[in-house]
Amino acid sequence: MSEHYQVLARKYRPHKFEELVGQTHTIKTLVNALDNNNLHHGFLFTGTRGVGKTTIARIFAKSLNCEKGISSKPCGKCETCQEIDQGQSIDLIELDAASHTGVDHMREILENAQYLPTKNLYKIYLIDEVHMLSKSSFNALLKTLEEPPGHIKFLLATTDPKKLPVTILSRCLQFNLNKLSHNEILSQLKFIMDSEGLEFEESALSKIADFGNGSMRDALSLLDQSISYGNGSVKDKDIKAMLGLVLHDDIIKLATLVIERRAEEVILFVRDLAHKGESLSNALQDLTSLFHQISIAQMLTNNKQIASEIITLASQISMHDLQLFYQIAINGQKDLTYSPSEQIGLEMTLLRMISFHPEYDDEKKTLKTSTKPKTNSPKVKQSALEAEPEIATKNTKEMPEKKSNEDKQSKSRKQIKINNQNDWERIINDLPFEGAAKMLVKNTLFSSYESDKLVLTLNEEFNNLLTKSVQKSIEKALFNEFNKITLEIESGNTNGRTLSQKENIKEQQKRKKTEKQFLNDEGLKEIEEAFNTKVDLKSIKSLKESSNV
C-alpha cells in the first residue's frame with residue numbers, strides 16, 4: 001500500500017452533490033435553492049453519525065462561494081473550491097461545539113461576523129454538534145441568527161436536535177438526514193473496492209454494511225480494518241474471524257435444532273460455540289436475522305433467489321411460530337446485558353422459544369373442553385366429588401362425620417357464582433394457578449357462566465400460551481374449586497380490561513408519578529443545568545426496584 005495511505009472515509013468523501021449516497025430529499029431541496037438563488041441564512045442538518053451532515057454542509061459552502069458563481073454544481077477546480085476541500089478557506093469558519101462550548105469563545109467569533117468576507121461572497125459558519133453549546137453560547141448565537149448580516153450563512157449540524165432551543169430551531173431550515181440503507185452502503189463499498197483494485201467477496205462486504213448500521217463512515221472504517229486484516233483483500237472468513245461472527249452453517253444448524261425442539265442438542269451446541277470462543281451475542285443477532293429471512297421466504301411467491309436451506313426451514317415452521325421466535329430473540333438480545341453470562345442468556349432465550357412452541361399436530365390445543373374426567377368403566381370413581389353411590393353409602397356408614405364434611409364442601413362449591421369480571425379476577429387471585437397457566441388466566445376476560453359452563457375471552461396476543469399442558473393446569477385448579485364446570489376459551493380483543501392489562505396500566509401510572517416527582521426535584525434541575533444534560537428516564541427506579549437489582 002502507499003506510504004502516505006489515506007483512510008477511505010477521507011479519500012472517498014463526496015465533493016459534489018451527485019457523488020452523495022442517499023439523502024435524495026435533502027439534496028433536491030438544496031439544489032433547487034442554489035439554482036434559483038433562493039437562500040435562507042440558517043441551515044440545520046440533523047441525523048445520526050456518518051450519514052453526511054458535514055459533507056453536505058461543505059459541498060453547500062463550495063456552491064455558495066465558487067468563483068464561477070452560485071450554483072448547485074461547483075467547479076471544484078478554482079482556488080476557493082480547493083481551499084474548502086482542504087479545510088483551508090479563510091471565509092469558512094468551522095467549529096466543533098463539543099470542544100468550544102464557552103460563551104466567551106462564541107462571542108469572540110460572532111463579533112467578527114459583522115465584517116465582510118475576506119475574499120469570497122459569503123462568510124460561512126459551520127458549527128458541528130451544535131447541541132453541545134452552553135445556554136449562554138446559544139443566547140449569543142441567537143442574537144446573530146435573529147438579524148444576520150446579508151453576507152453571513154450559518155450551517156449547523158447535530159446528532160441530537162431535541163437539545164436545541166426552540167428559538168434556534170425556528171430560525172433555521174431543518175433537514176433530517178436518514179440512515180443509509182444496507183444496499184446503499186453495500187453499493188458504495190463495492191465501488192470503492194473496484195476503484196482500489198482489491199479482491200473481495202460480496203458476502204463479506206454485506207456483513208460490513210450490516211455492521212455499519214446506517215452509517216457510511218462506520219462502514220468505511222470497518223472496511224479499512226478489514227483490508228488491513230486480509231492484507232489487501234476482504235474475505236468472508238476473515239470478517240468472521242475479525243468480528244467474532246458465527247459461521248452461517250452453524251446458525252442454520254442452531255435454527256433447525258430450535259424448530260425441531262431438540263433442547264438437549266441446543267444446549268450442547270451453544271456450549272460448543274462458547275468453547276470455541278465464538279461471540280454468542282453475535283450468534284443471537286444472526287439467528288434473529290435468519291428468522292427475518294425465513295419470514296420473507298414464506299411471504300414471497302417468487303423465491304428463486306433465496307437460498308435452499310432458508311426455503312427448507314420456511315417449510316418447517318408456521319408464520320405464527322416464526323413471529324413468536326423472532327420476538328423472543330429480540331427480547332433475548334436486550335436480556336443478554338442482565339444475564340450472568342452470554343452463554344446463560346443465549347441458552348435461556350433458545351429454551352424459551354422451545355417452551356413456548358405449540359405442541360405437535362397430535363397434541364394441538366383445544367379451545368373447548370370439559371374438566372369432567374372421562375371414565376372407561378362405571379366401576380371407576382370419576383372424582384372425589386362424584387363417587388359411585390354404593391361406595392358413597394359405604395363411606396357414610398363407616399365415616400359419617402367425614403361424609404358430612406365432604407357434603408358441605410361440595411354444596412359450598414356448587415353455590416359459587418361468577419357474574420362479572422371482578423368475580424373472575426377474585427378467583428384468579430384465590431386459586432393456585434402457576435407459571436404459564438397463571439399468565440394465561442390473567443390475560444382473559446369473563447364472558448359468561450351459565451349451567452356450569454364458564455366462557456372466557458383470551459387476549460389474542462397470548463394465544464401461543466394455550467397449549468395442552470397449560471390448559472390441563474387451568475382445569476385442575478378449577479376442578480378443585482367447582483363441582484362441575486365446562487371451560488371454553490375464545491380468542492379475541494380484550495381492550496385493556498384483563499387483570500394483567502389493568503396491572504400494567506397501574507404500574508405505568510405509578511412509574512410516571514415516580515418520574516414526575518424525581519424530575520421536579522430542584523436539586524436535579526440544578527445538576528442538569530450545570531452539566532447541560534438530561535436524566536435518562538429508564539434509569540429512574542423506585543427504592544423497591546433498586547433493592548431488587
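The values are calculated or read from the model by the stated rules, or taken from the named source; none is laboratory data. Keep in mind the model is a prediction, meaning the values are calculated, not measured. When we count neighbours, we look across all protein chains shown, and the Cβ atoms used for this are built from the backbone with ideal geometry, even at glycine.
Residue by residue through region 89-142, note down the ones that are touching a residue at least 12 places away in the same chain (Cβ under 8 Å), among the charged types (D, E, K, R) and part of a helix (DSSP H, G or I).
Answer for region 89-142, where residues must be touching a residue at least 12 places away in the same chain (Cβ under 8 Å), among the charged types (D, E, K, R) and part of a helix (DSSP H, G or I): Arg107, Lys135.
If only one of Ala274, Ala297 is among the small types (Gly, Ala, Ser), free of Cβ contacts under 8 Å to residues at least 24 places away in the same chain, in the same structural domain as Ala329 (by TED's automatic domain parsing) and part of a helix (DSSP H, G or I), which one is it?
On the way: Ala274 fails: free of Cβ contacts under 8 Å to residues at least 24 places away in the same chain.
Only one candidate passes the filter, namely Ala297.
Would you point out the residue of region 305-335, among those that are in a loop (DSSP other than H, G, I, E, B) and not hydroxyl-bearing (Ser, Thr, Tyr), that is nearest to Glu460 (Cα to Cα)?
Ranking the candidates gives Ile317 first.
Name the one entry in Glu3, Glu18 that is modelled with pLDDT of 90 or more and either in contact with an Asp or Glu (Cβ under 9 Å, 6 or more places away or on another chain) or of a type in the set (Asp, Glu) (or both).
Exactly one residue qualifies, and that residue is Glu18.
Looking only at region 336-346, filter to residues that are assigned to a helix (DSSP H, G or I) and of a type outside the set (Gly, Ala, Ser); which one of those is surrounded by the most Cβ atoms within 10 Å (Cβ to Cβ)?
Leu346
Within region 495-517, take every residue that is exposed (fewer than 11 other Cβ atoms within 10 Å of the Cβ) and among the polar types (S, T, N, Q) and give me the one that is nearest to the chain's Cα centre (by Cα).
Gln508
Residue under question is Leu180, and the condition is that it be surrounded by 15 or more Cβ atoms within 10 Å (Cβ to Cβ) and assigned to a helix (DSSP H, G or I); does it hold?
no
Within region 294-315, track down each residue that is closer than 18 Å to Gly332 by Cβ and surrounded by fewer than 15 Cβ atoms within 10 Å (Cβ to Cβ).
Answer for region 294-315, where residues must be closer than 18 Å to Gly332 by Cβ and surrounded by fewer than 15 Cβ atoms within 10 Å (Cβ to Cβ): there is none.
Looking for something in contact with a Lys or Arg (Cβ under 7 Å, 6 or more places away or on another chain), under 21 Å from Arg58 (Cα atoms) and of a type in the set (A, V, I, L, M) - is there at least one such residue anywhere in region 128-144?
no
Tell me, yes or no, whether region 469-480 has at least one residue that is assigned to a strand (DSSP E or B) and charged (D, E, K, R).
Within region 469-480, the first condition is being assigned to a strand (DSSP E or B), and the residues that meet it are none.
For region 469-480, residues assigned to a strand (DSSP E or B) and charged (D, E, K, R): absent.
In this structure, is Ser63 in a loop (DSSP other than H, G, I, E, B), small (Gly, Ala, Ser) and touching a residue at least 24 places away in the same chain (Cβ under 8 Å)?
Taking the combined requirement at face value, the residue does not satisfy it.
Residues in region 135-152 that are over 20 Å from Ser170 (Cβ atoms) and touching a helix residue (DSSP H, G or I) at 6+ places or on another chain (Cβ under 6 Å): how many?
Result for region 135-152: 0.
Residues Asn429, Asn405, Asn463: which one is in a helix (DSSP H, G or I), at pLDDT below 50 and out of contact with any Phe, Trp or Tyr (no Cβ under 8 Å at 6 or more places or on another chain)?
Going through Asn429, Asn405, Asn463 in turn, just one is in a helix (DSSP H, G or I), at pLDDT below 50 and out of contact with any Phe, Trp or Tyr (no Cβ under 8 Å at 6 or more places or on another chain): Asn405.
Being touching a Cys at 6+ places or on another chain (Cβ under 8 Å) and assigned by TED's automatic domain parsing to the domain that holds Val21, is that true of even one residue in region 147-159?
yes
Sort out which residues of region 1-53 are surrounded by fewer than 16 Cβ atoms within 10 Å (Cβ to Cβ), part of a helix (DSSP H, G or I) and not acidic (Asp, Glu), and write them in order of number.
Arg10, Lys11, Thr24, His25, Lys28, Thr29, Asn32
Would you pick out the residues in region 204-247 that are in contact with an Asp or Glu (Cβ under 6 Å, 6 or more places away or on another chain) and either under 30 Å from Thr54 (Cα atoms) or outside any helix (DSSP H, G or I) (or both)? Let's see the steps before the verdict.
First pass over region 204-247, keeping only residues in contact with an Asp or Glu (Cβ under 6 Å, 6 or more places away or on another chain): 204, 212, 229-230, 233, 235-236, 246.
Correct list: Ala204, Gly212, Tyr229, Gly230, Ser233, Lys235, Val246.
Restricting to region 267-297, and then to whatever is under 23 Å from the mean Cα position of the chain (by Cα) and more than 20 Å from Thr337 (Cβ to Cβ), can you tell me which residue is modelled with the lowest pLDDT?
The residue in question is Ala297.
I'd like the full set of residues that are more than 10 Å from Val234 (Cα to Cα), surrounded by fewer than 18 Cβ atoms within 10 Å (Cβ to Cβ) and of a type in the set (D, E, K, R), limited to region 195-209.
Within region 195-209, just Glu196 meets the criteria.
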